[in-house]
1. Can you give the helix-only mean residue ellipticity at 222 nm for the chain, where every DSSP H stretch with n ≥ 4 adds -39500 (n - 2.57) and the sum goes over all residues, rounded to the nearest 500 deg cm²/dmol?
2. Can you give the alpha-carbon Rg of region 1-142 over 2.2 N^0.38 Å, where N counts its residues?
3. Rounded to the nearest percent, how much of the accessible area of region 37-184 (1.4 Å probe, protein heavy atoms only) is carbon and sulfur?
4. So how many Å³ per residue does the convex hull of the Cα atoms of region 79-235 work out to?
5. Measuring from centroid to centroid over Cα atoms, what is the spacing of region 253-282 and region 449-487 in Å?
6. Under a Cβ-only charge scheme (Lys and Arg +1, Asp and Glu -1), can you give me the dipole magnitude of the chain about the Cα centre, in debye to the nearest 20?
7. For the chain, what proportion of DSSP beta bridges, expressed in % and rounded to the nearest 5, is antiparallel?
8. In Å, the Kirkwood hydrodynamic radius of the chain over pairs of distinct alpha carbons?
Amino acid sequence: MSAPDEDELKTLRAENKKLTRNLRRQTEINQQILKNIESSKNLVRMVDKEKARLEGYMDMFLNNSADLVFLFDKYGGLVFVSNSYLTPTGLDILGVSGKRICDLIEDYMDKDEHAAARPILRKAFDDCVEKELDIRLCLYGLGIFRNYMAKITPMFDGNVAKGFIVILGDVTELVLAKNNAMRLSEVKSNFLSRMSHEIRTPMNAIIGLTVIGKETEETAKKEYCLEKIGEASKYLLGIINDILDMSQIESEKFELSVNEFNFEKMMTRVSDVMSFKIVKKNQNLTVHIDDKIPPSIVADEQRLSQVITNLLSNANKFTPENGNITIIAELLADYGNTCLICVKVLDTGIGISESALPLIFANFEQLDSGVSRKYSGTGLGLAISKHIVDMMGGNIRVESVEGDGSSFIFDIVVEKGSAEVFGGGKPDDESIFEDSEGIFEGHEILIVEDIDINREILEGLLEDTGVSMDFAYDGLEAVAKFTDGENPDYELVLMDINMPNLDGYGATMQIREINKDIPIYAMTANVFREDVEKCISAGMNGHLGKPVDVVSLMKTLKTTLLR
Ligand code: ADP
C-alpha cells in the first residue's frame, strides 16, 4: 500500500477536524439534553410534591369537615365519603362504596321524611341538576336528630356529566336560632295581644264608670263608681309598672337598691295589703315568721315585697273560695354578718300542670290560655320575681300538682342590720290623710307643672292640709319666681321634668345658682333609676314618681315643711 499523498492527507485532516467538532457539539447537545431531562424530572418531582401537599389538605378538609361530603360517579354510585359520615355511623368505605345517596342516609332518617326526600334526590341525579333540600339525620344515636342542608352538584367535563358531589352542611344551630327567634316573636306577639286586653279591661271600667258616676244623682252610686275607678286605676298602674320592670330587665338596666328594714313589719304590710282580696274570697291566710330571723335586715325592701306580693296575689287568684294560703319565712342558716332566709307561699288552689311547670318563670309566658282567660294577668309577675331573686343571689322554684295546690319557694342571702331598726317599711294605706287637716297651715310651696290636670290633682290632694300653693307653668317661670326681686318664701319646690321652654333639670340648675338650700323634689313620670340620678345631679333633693303616690308626697311635705 502506497503512502497517502499530501492532498489526501489534507482532506483526511480536515474531515477529522470536522468530525471532532461535530462530536464536541453532539456531546454539548447531549449534556444539554441530560440537563433538560434532569430539570424536567425536578419539575415533575415538584409538581408531585405540590399535588401530594394539596391532596393532603384535601383529605384533611374532607376528613375533618363537619359537613358530610359524598362523591359519586356518573351512575350515582359512591366513590368517596368523608369521615364525618363514616365515624359516627361506624361504617367503612369498602362497605359503602358504590351505594346510592338514598341508601346511604335511609337508616338515619325518619321513615316518612326519607320517603319524601327520596324522589327529590333521585330526580336531581337523573336530571343532572343542582338541588338543595333540608333533611334531618340521626347519625349519633340516642334519637337526637340534627338538621342538614343537602346540596347536590353535578360535575361536568365539558357537556359530559362525570359525577356528583353531595355536601350535607350541619345547620342545626341555625335552625335552632331561627326557631327560637320565631318562637320569641310568637310569644311576644301573644304577649302584646294579652297586654292590650289587660290594659283595655280596666280602661273600659274607668271610662264607663266615669260616665255612670257623672250621670247619677245618687251619692252612694257615685262613691261606688269612684271606688271601682280607683281599683281599676291601681290595677292599670300595676301593669304599667310590670311592663317597665320587664323592659328594664330586657335592656339589662334593672338594679336593686338596698336599705335597712324590719323584716316582720315588711311581711305584715304585704299581707295587710292583700288581706282585702283574701277576705273577699273567704280564704284562710296563715303567716309564720321564724323568730330566729333577725329583726332588721339589709336588702331591697321594695323589690322583696314585690316578689312576696306577687306570689301571694297569685295564691289568692288561683285558689278557690274558702281555700288555704300559708306564708312561711324561715332562717335556714346564720353566717354571722349575713343569713339565709327562705320564704314559702303555699296554696290549696288549682295547681299547675307538669308540662307548664318548666315555663312558669319564663319571660312573657302565661300558661295555658284557657286558664289565663279565666284569670286575668300579664304573665310578667313570676318572670320579674325570678329576676329579682336571682339578682339577690337567691333561687326561686315551684312545686305543684295540678288540682292540688302550689308551693312557691325562694331563698336569699341578706345582710343583718343593726338591731335598733324596728320601724321600716312605708305604710301603704292612705290613712295618712286622716290627721292631715291643716297641718301645713302657714307654709308655702311652689308647684312647677305645665299640665292643667296634674296641677288640679295636687291642688285637690293638698287642699285640706292648708299648705299655700303657688304655680309656675314651665321651668322659665319657675326661675323667674326666684329672680324677679321678690324673694319668695317657698319652703319646697315640686318640679315636673318634661316642660316646654325650660325643663325641670335646667330650671333646678338655675334656681340652685340663686338659692342653694331650698328643697327641690322632682315630681315626674320619668321613674327609671337613671332619671332619678339625673334629678339628683341637677341639684334636686329627691324624686317623687307620677302617678302621685300620696303617701310619699305627704311624707316629703312632712319632712321638708315640719322640720
Ligand atoms: P299573671 O299571674 O299576671 O298571669 P305570673 O307571672 O305571676 O303572671 O304567673 C304566670 C302564670 O303562672 C299564671 O298565669 C298562672 O297560670 C300560673 N300561676 C302562677 N301562680 C300560680 C298559683 N299559685 N297557682 C296556679 N297557677 C299559678
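1. Working: 16 runs with 273 residues, N = 563.
Here the helix-only value at 222 nm equals -16500 deg cm²/dmol.
2. Details: Rg = 33.4 Å, N = 142, 2.2 N^0.38 = 14.5 Å.
In units of the globular-protein estimate, region 1-142 measures up at 2.31.
3. Working: 5490 of 9480 Å².
Its accessible area is 58 percent carbon and sulfur atoms.
4. Details: hull volume 31.0 nm³, N = 157.
Spelled out: Cα convex hull of region 79-235, divided by residues, is 197 Å³.
5. When both Cα centres are located, 34 Å separates them.
6. Numbers: 61 positive and 92 negative charges, 851 e Å.
About 4080 debye.
7. On the way: 57 of 79 bridges.
If we restrict to bridges inside the chain, about 70 percent are antiparallel.
8. Working: mean 1/r = 0.0311 Å⁻¹.
Averaging 1/r across every pair of different Cα atoms and inverting gives 32.1 Å.
The values are calculated or read from the model by the stated rules, or taken from the named source; none is laboratory data. What you see is a predicted model; the values in this text were computed from it and never measured. Neighbour counts are summed over all protein chains in view; Cβ atoms, including those assigned to glycine, are modelled from backbone coordinates with ideal geometry. Accessible surface is based on the protein model in full, side chains and every heavy atom, while ligands, DNA and RNA are left aside. Shrake-Rupley method; radii C 1.70, N 1.55, O 1.52, S 1.80 Å.
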